[in-house]
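Each value in this text was obtained by applying a stated rule to the coordinates, not by laboratory testing. Remember, predicted model here, so these are calculated numbers, not experimental data. Backbone-built Cβ (ideal geometry, glycine too); neighbour counts: all protein chains shown.
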Amino acid sequence: MTKSQFIALEGIDGSGTTTQLTRIAEALTKRGRVVTQTMEPSRGPIGTRIRDILRGEEKTPPDSLALLFAADRLDHLQREIAPALQRGEVVLSDRYLISSLAYQSLHVELPFIEMINARARKPDVSILLKICPEEAAKRRATRGGEAEIFDDLDLQEKISQAYDKAFARSDLGPTAIVDASASMSDVTDAILSAIDSLQ
């Protein structure tokens, strides 16, 4: 059986994780791999509720939101990620564990976030699409869509710093950092190189 791989793309809003996920899936499929594309918040019942909260449709205390993300992650892992990995597939996730460390740590103590996510499987590699918050904000404005509670530029700068701290850690599994301000094709090539280094 082909070796399964679990790959998470991370980055602030507007860094290109969603676009690159599709491009990477296409590239790996051309190589003959079976790919499952997924995201967090997930498409499951808890993830759907989280999306409503992120759009500002209801107020939720930060620690409760962190718990919802952790619950969604375990549901996502057991319902979708683990079965795909057992089938020998490549799982590409648009955000995963490190996103909670970056986003929820703005308003919730980091040890609490780590505790509630302790049972989450670490990816084979987490790849940060690094871009300055100002450029990411321009991209978000260009693409349109609904605003979310974390879209404020000051918040995105803090989230970017939190990502940097998380990716400097050695206890979150293999990581890689890609310059997301490069051309779309160059970013794709850099991500593929990071994935190939796992072989």
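Here are the numbers for the structure shown:
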{"read-out": "Paramagnetic label zone (point 7 Å from Cα along Cα-to-C-beta, ARG121; backbone N under 14 Å) in segment 47-78", "value": "73-78"}
{"read-out": "Fewest-first ranking of LYS130, LYS3, using other Cβ atoms within 10 Å as the exposure measure", "value": "LYS3, LYS130"}
{"read-out": "Listed residues PRO174, ALA102, LEU67: farthest to the positive end of the dipole of the chain (Cβ charges)", "value": "PRO174"}
{"read-out": "Percentage relative contact order, the chain, counting C-alpha pairs under 8 Å, at least six apart", "value": "33 percent"}
{"read-out": "Proxy reagent accessibility, fewest Cβ within 10 Å first, across ARG87, ARG140", "value": "ARG87, ARG140"}
